[in-house]
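These notes are about the structure you will find just below.
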Amino acid sequence: MFLCHVVGTWLNEQRHYYYPGFREHFRYPWRKRVLEEEVEIMAEIEQEERQTYMYFQDRSREFGFNGLSLLHRLNPLYQFDILNDTVFDAMHLLPLNVVKNHFSKLLSGEVMDERELACKLKQMPWTTDYKSSRLPNDLEGIGYWKAEEYQKLAFPASEFVLSGLLSEDEYTVWAPVPRLVEFVFNAGRDGWTEDMIQKFKCLSWRYCILMEEHYGTQACVVNLHNLIHFHEDISRFSAPDNYWCTQFERAVSRYVQQSSNRKYLEKTFARKESQREFLKFQQSAGHLDAGRPSRSPKFNREKVTYCTIVHSMGLSVSVYLQLINIYFLLFVSLLNFFV
């Protein structure tokens, strides 16, 4: 979904739409979409009886919508604008799209020596903070890299490992990427100033213009276009680390490891979250002992959580059950509201 009226270019060789014209539209921006104008188109597509694949494909290409979003139900209540009040996720936009796609172009284009690159990655002098999590050391396993590897590859590793490997033109195109990643994942974590936002905006436009002029129209994908709107989210909703998906992705990895019978998963997750939140509150208030350490490195976290709550000082089982019931009712009411 675009935030402005962009006209795509169809390339038969790629069988894909692309969105060029960054240099021109830096001076003459695209017209912004307005919800009052677009909601009629969404409703028209939603109510169309000819729900065939080709029809929806044509309408989606023309307007960028597949129907009326469920989130539009929040508009009468909170004036929620699905076009302007939704945000781009920094983790998916920068490391998993901009950095990953550009680095893939460098590897597939054979513009640098991969052996020397692999040696430099292994020689990278990582600090203790960076060593505490995933590192982009194994170039052969790049297919298994996560967002964290691509993030650290862009900053701080790329300025060290790519020095001398890329031509001057290639390095000029790559140069804005480390600064963009540094702004979002390092410098911006301490707060954004208006000057930082303007610099990020200029870097985003410069990168998009250079990508189009160096790699051609086929480089102008939708995520590249979304990059020029990212600074708008920062201006309206503050630093991206307040709403990005990183912590939710980690929660999902924890949820899928929980044992269940695949029935009433919402209730199971709501119960576990209520237990976790209650423990966190009790520990922060000093009412709950940290518990004795386990002799075995492997233990059932669910049983530990349950036993710690039930046998905690001054907490009865009835209060515990009431707490679980309140959390579950809140979760069900939210589900009924959106369904």
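Every read-out reported here was derived from the displayed coordinates using simple, explicitly stated rules and does not represent laboratory data. It should be emphasised that the depicted structure is a prediction, and the values quoted were computed from it without experimental measurement. Because the Cβ atoms are built from the backbone with ideal geometry, glycine has one as well, and the counts that use them run over all protein chains shown.
Overview of values
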item	result
Distance between modelled label sites at Glu232 and Ser108, nm, 7 Å Cα→Cβ extension	2.9 nm
Note, ³J(HN,Hα) from phi for segment 129-144, Karplus 6.51, -1.76, 1.60, rounded to Hz, x at Gly and Pro	4, 6, 5, 6, 9, 5, 10, x, 8, 9, 5, 5, x, 5, x, 9
For His16, distant residues with modelled amide H under 5 Å away	Leu11
Highest-first arrangement of 271-281, 190-200, where packing means the average Cβ count within 10 Å	271-281, 190-200
Per-residue HN-Hα couplings for segment 210-219 [Karplus 6.51, -1.76, 1.60; θ = phi - 60°; Hz; x = Gly/Pro]	5, 4, 5, 6, 8, 9, x, 4, 5, 8
Under-5 Å amide H pairs with Cys4, H placed in peptide plane, nonlocal only	Arg33
Ordering of 218-231, 111-124 by packing [mean C-beta count within 10 Å, highest first]	218-231, 111-124
